[in-house]
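The values are calculated or read from the model by the stated rules, or taken from the named source; none is laboratory data. A quick note: this is a predicted structure, and the numbers were derived from the prediction, not measured. Counting neighbours? That spans all protein chains shown, and the Cβs are built from the backbone with ideal geometry, glycine included. Just the protein is used for accessible areas: all its heavy atoms, side chains included, with ligands, DNA and RNA removed. Shrake-Rupley method; radii C 1.70, N 1.55, O 1.52, S 1.80 Å.
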Amino acid sequence: MPARSAPIAGDGHVERVELAGHIIDSLLLPKVLDFITAAGGNFRIEKISIGHDRSDPSYALIEVRAPTADRLQQILADIADHGATPLHTQDARLVTADIAGAFPEGFYSTTNQRTEVRIGGRWIEVQDQEMDCGVLIDSTANTAKCQAMTDVKVGEQYVVGHAGVRVLPEAREMQPQGFEFMNSTVSTEKPKGVAIRQVATELIRAKQEGGKALLVGGPAIIHTGSVEHVSTLIRRGYIHRLFAGNALATHDIEQALFGTSLGVRLDSGDILEAGHEHHLRAINRIRRLGGIRRAVERGELKSGIMYECVKNNIDFLLAGSIRDDGPLPEVITDVLVAQAQMRERIRDVTFCLMVATTLHSIAVGNLLPAWVKVVCVDINPSTVIKLADRGSFQTVGLVTDVEPFFRSLVNEVERMEKK
(Lines give C-alpha, C1' and ligand atoms only; values in the text may rest on other atoms or scores of the structure.)
Protein backbone atom coordinates (compact mmCIF):
# COMPACT_ATOMS: atom_id res chain seq x y z
CA MET A 1 0.00 0.00 0.00
CA PRO A 2 1.51 3.39 -0.94
CA ALA A 3 2.89 5.45 1.95
CA ARG A 4 0.81 8.50 2.76
CA SER A 5 0.90 11.38 5.21
CA ALA A 6 -2.12 12.27 7.33
CA PRO A 7 -4.89 13.70 5.08
CA ILE A 8 -5.81 17.36 5.33
CA ALA A 9 -9.06 19.03 4.41
CA GLY A 10 -9.40 20.31 0.89
CA ASP A 11 -6.04 19.06 -0.41
CA GLY A 12 -7.30 19.22 -3.99
CA HIS A 13 -4.32 20.82 -5.73
CA VAL A 14 -1.99 18.06 -6.91
CA GLU A 15 1.43 17.70 -8.52
CA ARG A 16 3.58 14.59 -8.96
CA VAL A 17 7.34 14.86 -8.44
CA GLU A 18 10.30 12.56 -8.98
CA LEU A 19 13.25 12.11 -6.65
CA ALA A 20 16.24 10.08 -7.84
CA GLY A 21 19.79 9.31 -6.77
CA HIS A 22 21.14 8.41 -3.35
CA ILE A 23 17.96 9.61 -1.67
CA ILE A 24 17.97 7.04 1.13
CA ASP A 25 21.48 7.13 2.61
CA SER A 26 21.67 10.91 2.14
CA LEU A 27 18.28 11.28 3.89
CA LEU A 28 16.88 13.33 1.02
CA LEU A 29 13.62 11.37 0.87
CA PRO A 30 12.60 11.88 4.52
CA LYS A 31 13.73 15.50 4.28
CA VAL A 32 11.45 16.12 1.30
CA LEU A 33 8.52 14.41 3.00
CA ASP A 34 9.09 16.48 6.15
CA PHE A 35 9.07 19.67 4.06
CA ILE A 36 5.74 18.72 2.52
CA THR A 37 3.97 18.02 5.81
CA ALA A 38 5.58 20.93 7.67
CA ALA A 39 4.25 23.31 5.00
CA GLY A 40 0.71 22.01 5.45
CA GLY A 41 0.75 19.67 2.47
CA ASN A 42 0.04 16.00 2.01
CA PHE A 43 1.93 13.29 0.14
CA ARG A 44 1.50 9.81 -1.26
CA ILE A 45 4.44 7.72 -2.47
CA GLU A 46 3.12 6.18 -5.68
CA LYS A 47 6.28 4.30 -6.56
CA ILE A 48 9.62 3.63 -4.87
CA SER A 49 12.66 1.66 -5.93
CA ILE A 50 15.53 1.31 -3.47
CA GLY A 51 19.03 0.42 -4.64
CA HIS A 52 20.47 -2.77 -3.18
CA ASP A 53 24.10 -1.58 -2.94
CA ARG A 54 25.51 1.75 -1.80
CA SER A 55 26.46 2.53 -5.39
CA ASP A 56 22.92 1.88 -6.68
CA PRO A 57 20.61 4.89 -7.03
CA SER A 58 17.06 4.90 -5.68
CA TYR A 59 13.89 6.40 -7.12
CA ALA A 60 10.61 7.72 -5.71
CA LEU A 61 7.49 9.04 -7.43
CA ILE A 62 5.56 11.22 -5.00
CA GLU A 63 2.09 12.75 -5.27
CA VAL A 64 2.04 16.13 -3.52
CA ARG A 65 -1.26 17.76 -2.48
CA ALA A 66 -2.04 21.12 -0.92
CA PRO A 67 -5.22 23.04 0.03
CA THR A 68 -4.46 25.97 -2.31
CA ALA A 69 -2.55 26.49 -5.53
CA ASP A 70 -0.23 29.02 -3.88
CA ARG A 71 0.57 26.59 -1.05
CA LEU A 72 1.32 23.85 -3.56
CA GLN A 73 3.69 26.10 -5.51
CA GLN A 74 5.52 27.07 -2.30
CA ILE A 75 5.93 23.40 -1.36
CA LEU A 76 7.21 22.56 -4.84
CA ALA A 77 9.67 25.43 -4.62
CA ASP A 78 10.99 24.23 -1.25
CA ILE A 79 11.44 20.60 -2.24
CA ALA A 80 12.92 21.50 -5.63
CA ASP A 81 16.06 22.67 -3.83
CA HIS A 82 16.46 19.07 -2.62
CA GLY A 83 16.14 17.53 -6.07
CA ALA A 84 12.38 16.90 -6.30
CA THR A 85 11.41 17.59 -9.93
CA PRO A 86 7.80 17.82 -11.24
CA LEU A 87 6.98 14.85 -13.42
CA HIS A 88 5.39 16.95 -16.16
CA THR A 89 8.28 19.27 -16.89
CA GLN A 90 8.00 22.48 -18.83
CA ASP A 91 10.47 25.06 -20.04
CA ALA A 92 11.73 27.63 -17.58
CA ARG A 93 9.84 30.91 -17.65
CA LEU A 94 12.02 33.82 -18.72
CA VAL A 95 11.44 37.48 -17.89
CA THR A 96 13.47 40.40 -19.19
CA ALA A 97 15.21 42.61 -16.61
CA ASP A 98 13.77 46.11 -16.70
CA ILE A 99 15.99 47.70 -14.02
CA ALA A 100 19.79 47.55 -13.75
CA GLY A 101 20.96 45.96 -10.51
CA ALA A 102 17.66 44.20 -9.77
CA PHE A 103 16.14 40.89 -10.85
CA PRO A 104 12.59 40.64 -12.19
CA GLU A 105 10.03 39.96 -9.46
CA GLY A 106 9.68 36.28 -8.63
CA PHE A 107 13.18 35.41 -9.91
CA TYR A 108 14.55 31.93 -9.18
CA SER A 109 17.02 32.21 -6.29
CA THR A 110 19.88 29.75 -6.75
CA THR A 111 21.45 27.30 -4.31
CA ASN A 112 25.10 26.19 -4.23
CA GLN A 113 24.19 22.78 -5.71
CA ARG A 114 24.41 21.69 -9.33
CA THR A 115 21.41 23.08 -11.20
CA GLU A 116 19.89 22.64 -14.66
CA VAL A 117 17.24 24.67 -16.45
CA ARG A 118 14.98 23.53 -19.28
CA ILE A 119 15.20 25.77 -22.36
CA GLY A 120 13.65 24.79 -25.69
CA GLY A 121 12.88 21.31 -24.41
CA ARG A 122 16.53 20.65 -23.40
CA TRP A 123 18.12 20.66 -19.96
CA ILE A 124 21.10 23.04 -19.74
CA GLU A 125 23.60 23.04 -16.88
CA VAL A 126 23.87 26.34 -15.01
CA GLN A 127 27.45 27.60 -15.02
CA ASP A 128 29.35 29.38 -12.22
CA GLN A 129 27.13 27.79 -9.58
CA GLU A 130 26.66 30.00 -6.52
CA MET A 131 23.97 30.49 -3.90
CA ASP A 132 21.75 33.58 -3.71
CA CYS A 133 22.01 34.56 -7.38
CA GLY A 134 19.68 34.60 -10.37
CA VAL A 135 19.94 32.46 -13.51
CA LEU A 136 20.89 34.49 -16.58
CA ILE A 137 19.88 32.94 -19.90
CA ASP A 138 21.66 33.66 -23.17
CA SER A 139 19.16 32.39 -25.72
CA THR A 140 21.55 32.93 -28.64
CA ALA A 141 24.38 30.88 -27.12
CA ASN A 142 21.90 28.55 -25.37
CA THR A 143 23.71 28.94 -22.05
CA ALA A 144 22.74 29.60 -18.44
CA LYS A 145 24.85 31.01 -15.61
CA CYS A 146 24.52 32.35 -12.08
CA GLN A 147 24.52 36.13 -11.96
CA ALA A 148 24.82 38.39 -8.91
CA MET A 149 22.06 40.92 -8.35
CA THR A 150 24.42 43.88 -8.64
CA ASP A 151 25.51 42.72 -12.13
CA VAL A 152 22.02 42.64 -13.68
CA LYS A 153 21.70 44.70 -16.87
CA VAL A 154 18.54 45.93 -18.55
CA GLY A 155 17.41 43.62 -21.34
CA GLU A 156 18.92 40.40 -19.92
CA GLN A 157 16.66 37.38 -19.48
CA TYR A 158 16.30 35.65 -16.12
CA VAL A 159 14.52 32.54 -14.92
CA VAL A 160 11.40 33.32 -12.89
CA GLY A 161 9.76 30.72 -10.65
CA HIS A 162 10.73 27.08 -10.18
CA ALA A 163 9.16 25.59 -13.31
CA GLY A 164 11.80 24.16 -15.64
CA VAL A 165 14.47 24.16 -12.93
CA ARG A 166 15.96 21.06 -11.32
CA VAL A 167 18.59 20.76 -8.60
CA LEU A 168 21.00 17.81 -8.51
CA PRO A 169 22.05 17.36 -4.85
CA GLU A 170 25.57 16.16 -4.16
CA ALA A 171 25.73 12.42 -3.55
CA ARG A 172 27.35 11.17 -0.37
CA GLU A 173 30.90 9.85 -0.73
CA MET A 174 30.71 6.13 -1.57
CA GLN A 175 34.22 5.40 -0.35
CA PRO A 176 35.59 5.95 3.18
CA GLN A 177 37.70 8.92 2.14
CA GLY A 178 37.60 12.68 2.45
CA PHE A 179 35.96 13.63 5.71
CA GLU A 180 34.24 10.43 6.88
CA PHE A 181 35.63 11.08 10.37
CA MET A 182 33.28 14.05 10.75
CA ASN A 183 29.71 12.80 10.83
CA SER A 184 28.52 15.94 12.62
CA THR A 185 29.26 19.41 11.34
CA VAL A 186 31.19 20.68 14.35
CA SER A 187 32.27 19.36 17.69
CA THR A 188 34.99 20.02 20.23
CA GLU A 189 35.42 16.25 20.61
CA LYS A 190 36.50 15.31 17.12
CA PRO A 191 39.72 13.25 16.80
CA LYS A 192 42.02 16.10 15.79
CA GLY A 193 44.93 13.90 14.71
CA VAL A 194 42.74 12.07 12.21
CA ALA A 195 41.20 15.35 11.04
CA ILE A 196 44.55 16.99 10.43
CA ARG A 197 45.85 13.96 8.54
CA GLN A 198 42.89 14.14 6.20
CA VAL A 199 43.35 17.89 5.67
CA ALA A 200 46.98 17.13 4.77
CA THR A 201 45.76 14.48 2.35
CA GLU A 202 43.49 17.02 0.64
CA LEU A 203 46.33 19.53 0.27
CA ILE A 204 48.60 16.87 -1.21
CA ARG A 205 45.85 15.69 -3.56
CA ALA A 206 45.27 19.24 -4.79
CA LYS A 207 48.98 19.68 -5.49
CA GLN A 208 49.39 16.32 -7.24
CA GLU A 209 46.21 16.50 -9.32
CA GLY A 210 46.56 20.11 -10.42
CA GLY A 211 43.82 21.40 -8.13
CA LYS A 212 43.82 24.67 -6.26
CA ALA A 213 43.83 25.02 -2.47
CA LEU A 214 42.49 28.29 -1.06
CA LEU A 215 43.40 29.56 2.41
CA VAL A 216 40.94 32.03 3.94
CA GLY A 217 42.77 33.43 6.94
CA GLY A 218 42.29 35.77 9.86
CA PRO A 219 44.82 37.72 11.96
CA ALA A 220 44.85 35.03 14.68
CA ILE A 221 47.18 33.14 12.34
CA ILE A 222 49.75 35.86 13.09
CA HIS A 223 48.87 36.43 16.76
CA THR A 224 49.28 32.72 17.59
CA GLY A 225 52.71 32.44 15.98
CA SER A 226 51.68 30.43 12.91
CA VAL A 227 53.49 32.54 10.30
CA GLU A 228 56.34 30.11 9.68
CA HIS A 229 53.98 27.14 9.41
CA VAL A 230 51.85 28.87 6.77
CA SER A 231 54.99 30.13 5.01
CA THR A 232 56.24 26.53 4.81
CA LEU A 233 53.00 25.38 3.18
CA ILE A 234 53.24 28.21 0.64
CA ARG A 235 56.89 27.50 -0.19
CA ARG A 236 56.14 23.81 -0.72
CA GLY A 237 53.27 24.51 -3.09
CA TYR A 238 50.32 23.49 -0.92
CA ILE A 239 48.59 26.89 -0.76
CA HIS A 240 47.69 28.30 -4.17
CA ARG A 241 45.52 31.26 -3.20
CA LEU A 242 45.05 33.47 -0.13
CA PHE A 243 41.96 35.48 0.82
CA ALA A 244 42.24 37.69 3.89
CA GLY A 245 41.64 41.17 5.21
CA ASN A 246 43.79 44.15 6.05
CA ALA A 247 44.48 42.75 9.55
CA LEU A 248 46.25 39.53 8.57
CA ALA A 249 48.53 41.30 6.11
CA THR A 250 49.18 44.20 8.50
CA HIS A 251 50.16 42.08 11.50
CA ASP A 252 52.16 39.72 9.29
CA ILE A 253 54.18 42.69 8.05
CA GLU A 254 54.39 44.11 11.59
CA GLN A 255 55.87 40.80 12.72
CA ALA A 256 58.36 40.82 9.83
CA LEU A 257 59.48 44.41 10.47
CA PHE A 258 59.28 44.67 14.28
CA GLY A 259 59.00 41.11 15.60
CA THR A 260 55.63 41.89 17.21
CA SER A 261 51.93 41.31 16.62
CA LEU A 262 49.66 43.89 18.24
CA GLY A 263 52.77 45.11 20.02
CA VAL A 264 53.52 41.74 21.64
CA ARG A 265 56.83 40.02 20.90
CA LEU A 266 55.98 36.61 19.46
CA ASP A 267 59.24 35.01 20.59
CA SER A 268 58.94 35.99 24.28
CA GLY A 269 55.41 37.25 24.86
CA ASP A 270 56.72 40.58 26.17
CA ILE A 271 54.63 43.71 25.63
CA LEU A 272 56.89 46.44 24.25
CA GLU A 273 56.56 50.07 25.18
CA ALA A 274 54.79 51.89 22.34
CA GLY A 275 54.37 48.48 20.68
CA HIS A 276 50.75 49.32 19.98
CA GLU A 277 52.05 51.73 17.32
CA HIS A 278 53.88 49.03 15.38
CA HIS A 279 50.99 47.99 13.15
CA LEU A 280 50.41 51.62 12.14
CA ARG A 281 54.12 52.12 11.45
CA ALA A 282 54.10 48.93 9.38
CA ILE A 283 51.16 50.15 7.29
CA ASN A 284 52.77 53.57 6.86
CA ARG A 285 56.07 52.10 5.71
CA ILE A 286 54.40 49.88 3.12
CA ARG A 287 52.30 52.78 1.86
CA ARG A 288 55.45 54.91 1.51
CA LEU A 289 57.11 52.10 -0.46
CA GLY A 290 54.14 51.81 -2.82
CA GLY A 291 52.69 48.50 -1.67
CA ILE A 292 53.54 45.01 -0.51
CA ARG A 293 55.02 43.85 -3.80
CA ARG A 294 57.23 46.92 -4.08
CA ALA A 295 58.41 46.38 -0.48
CA VAL A 296 59.47 42.83 -1.36
CA GLU A 297 61.12 43.88 -4.62
CA ARG A 298 63.10 46.60 -2.82
CA GLY A 299 64.27 44.22 -0.10
CA GLU A 300 62.40 46.03 2.70
CA LEU A 301 60.04 43.12 3.42
CA LYS A 302 62.08 39.93 3.84
CA SER A 303 59.85 37.38 5.57
CA GLY A 304 56.29 36.45 6.44
CA ILE A 305 53.18 35.18 4.69
CA MET A 306 52.78 38.17 2.37
CA TYR A 307 56.50 37.99 1.47
CA GLU A 308 56.11 34.31 0.56
CA CYS A 309 53.02 35.03 -1.52
CA VAL A 310 54.95 37.58 -3.58
CA LYS A 311 58.11 35.48 -3.90
CA ASN A 312 56.17 32.32 -4.86
CA ASN A 313 53.69 34.09 -7.16
CA ILE A 314 50.71 33.14 -4.99
CA ASP A 315 47.57 35.05 -5.85
CA PHE A 316 46.25 36.95 -2.82
CA LEU A 317 43.18 39.10 -2.30
CA LEU A 318 42.79 41.46 0.65
CA ALA A 319 39.22 42.63 1.23
CA GLY A 320 38.79 45.60 3.56
CA SER A 321 36.29 46.53 6.24
CA ILE A 322 35.12 49.78 7.80
CA ARG A 323 37.37 49.33 10.85
CA ASP A 324 40.65 49.01 8.92
CA ASP A 325 43.64 51.16 9.78
CA GLY A 326 45.40 52.55 6.74
CA PRO A 327 44.66 50.36 4.92
CA LEU A 328 47.52 48.71 3.03
CA PRO A 329 47.63 49.74 -0.65
CA GLU A 330 46.59 46.29 -1.93
CA VAL A 331 43.45 46.20 0.21
CA ILE A 332 40.24 46.47 -1.85
CA THR A 333 38.03 48.92 0.02
CA ASP A 334 34.95 48.65 -2.22
CA VAL A 335 33.11 45.55 -0.97
CA LEU A 336 31.32 44.94 -4.26
CA VAL A 337 34.61 45.05 -6.17
CA ALA A 338 36.18 42.69 -3.61
CA GLN A 339 33.22 40.32 -3.89
CA ALA A 340 33.38 40.33 -7.69
CA GLN A 341 37.11 39.56 -7.66
CA MET A 342 36.66 36.79 -5.09
CA ARG A 343 33.91 35.33 -7.28
CA GLU A 344 36.28 35.16 -10.25
CA ARG A 345 39.21 33.75 -8.30
CA ILE A 346 37.34 30.84 -6.71
CA ARG A 347 36.26 29.31 -10.04
CA ASP A 348 39.08 26.73 -10.10
CA VAL A 349 39.35 26.16 -6.32
CA THR A 350 39.02 22.47 -5.38
CA PHE A 351 39.70 22.66 -1.63
CA CYS A 352 39.19 25.51 0.83
CA LEU A 353 40.75 25.85 4.29
CA MET A 354 39.17 28.58 6.43
CA VAL A 355 41.08 29.54 9.57
CA ALA A 356 40.03 31.94 12.34
CA THR A 357 37.93 34.44 10.42
CA THR A 358 34.15 34.51 10.67
CA LEU A 359 33.26 37.26 8.18
CA HIS A 360 35.67 36.23 5.43
CA SER A 361 34.73 32.56 5.87
CA ILE A 362 31.02 33.30 5.46
CA ALA A 363 31.72 35.58 2.50
CA VAL A 364 33.72 32.90 0.70
CA GLY A 365 31.29 30.16 1.74
CA ASN A 366 28.50 32.09 0.00
CA LEU A 367 30.48 31.99 -3.25
CA LEU A 368 31.64 28.36 -3.28
CA PRO A 369 29.63 25.62 -5.01
CA ALA A 370 28.60 22.61 -2.92
CA TRP A 371 31.12 20.23 -4.48
CA VAL A 372 34.16 22.14 -3.18
CA LYS A 373 35.33 20.59 0.08
CA VAL A 374 35.62 23.10 2.90
CA VAL A 375 37.28 22.75 6.31
CA CYS A 376 36.85 25.51 8.87
CA VAL A 377 39.30 25.70 11.78
CA ASP A 378 38.43 27.99 14.66
CA ILE A 379 38.62 28.08 18.43
CA ASN A 380 35.00 29.26 18.32
CA PRO A 381 32.50 26.63 17.09
CA SER A 382 29.93 29.30 16.19
CA THR A 383 31.89 30.16 13.03
CA VAL A 384 31.21 26.74 11.51
CA ILE A 385 27.61 26.79 12.75
CA LYS A 386 27.04 30.15 11.03
CA LEU A 387 28.49 28.79 7.79
CA ALA A 388 26.13 25.82 7.87
CA ASP A 389 23.17 28.08 8.69
CA ARG A 390 23.97 30.19 5.65
CA GLY A 391 23.76 27.14 3.38
CA SER A 392 27.41 26.03 3.12
CA PHE A 393 26.40 22.56 4.27
CA GLN A 394 29.55 20.95 2.86
CA THR A 395 31.63 22.74 5.52
CA VAL A 396 33.06 20.59 8.28
CA GLY A 397 34.73 22.08 11.30
CA LEU A 398 37.62 21.51 13.62
CA VAL A 399 37.50 23.35 16.94
CA THR A 400 41.07 23.99 18.02
CA ASP A 401 43.66 26.72 18.42
CA VAL A 402 45.39 27.90 15.27
CA GLU A 403 49.09 27.34 15.98
CA PRO A 404 48.83 23.71 17.13
CA PHE A 405 46.69 22.98 14.07
CA PHE A 406 49.18 24.45 11.58
CA ARG A 407 52.18 22.90 13.37
CA SER A 408 50.58 19.45 13.20
CA LEU A 409 49.46 20.02 9.61
CA VAL A 410 53.00 20.83 8.45
CA ASN A 411 54.31 17.76 10.29
CA GLU A 412 51.70 15.56 8.59
CA VAL A 413 52.51 16.97 5.16
CA GLU A 414 56.22 16.36 5.72
CA ARG A 415 55.55 12.82 6.93
CA MET A 416 53.42 12.05 3.86
CA GLU A 417 56.00 13.61 1.55
CA LYS A 418 58.64 11.17 2.86
CA LYS A 419 56.39 8.24 1.98
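Just the protein heavy atoms count here, and of the accessible area of region 80-133 at 1.4 Å, carbon and sulfur take up 44 percent. Please list, or write none, the lysines whose alpha carbon is within less than 24 Å of the alpha carbon of Lys373, excluding same-chain residues fewer than 8 places away. Partners within reach: Lys31, Lys145, Lys190, Lys192, Lys207, Lys212, Lys386. For the chain, a crude dipole built from +1 on the beta carbon of Lys and Arg and -1 on the beta carbon of Asp and Glu, taken about the Cα centre, is about 760 debye to the nearest 20.
Please identify the chymotrypsin sites (Phe, Trp or Tyr not before Pro) of region 326-419 that satisfy two criteria: DSSP loop assignment and at most 15 other Cβ atoms within 10 Å. Which are they?
Numbers: sites: Phe351, Trp371, Phe393, Phe405, Phe406; in loops: Trp371, Phe393.
Loop-located and lightly packed - Trp371.
Summary value for region 303-419: 16 percent relative contact order, contacts being C-alpha pairs under 8 angstrom separated by 6+ residues. Each part gets one Cα centre, and for region 248-263 versus region 81-123 those centres are 48 Å apart.
Distances between placed amide hydrogens fall under 5 Å for Leu168 paired with Arg114, Thr115, Glu116, all partners being 5 or more residues away or on another chain.
With protein chains left intact and a 1.4 Å probe, residues in the chain average 47 Å² of accessible area per residue. Other residues within the sphere of radius under 15 Å centred on the Cβ of Asn411, judged by their own Cβ, net out at +2 (K and R +1, D and E -1). Apolar share of the accessible surface for region 191-337: 46 percent from carbon plus sulfur atoms, 1.4 Å probe. Each peptide in 372-380, 331-339, 45-53, 162-170 was scored by the mean count of other Cβ atoms within 10 Å over its residues; highest first, the order is 372-380, 162-170, 331-339, 45-53.
Note on Lys302: lysines with a C-alpha under 20 Å away, same-chain residues under 8 apart excluded, are Lys311.
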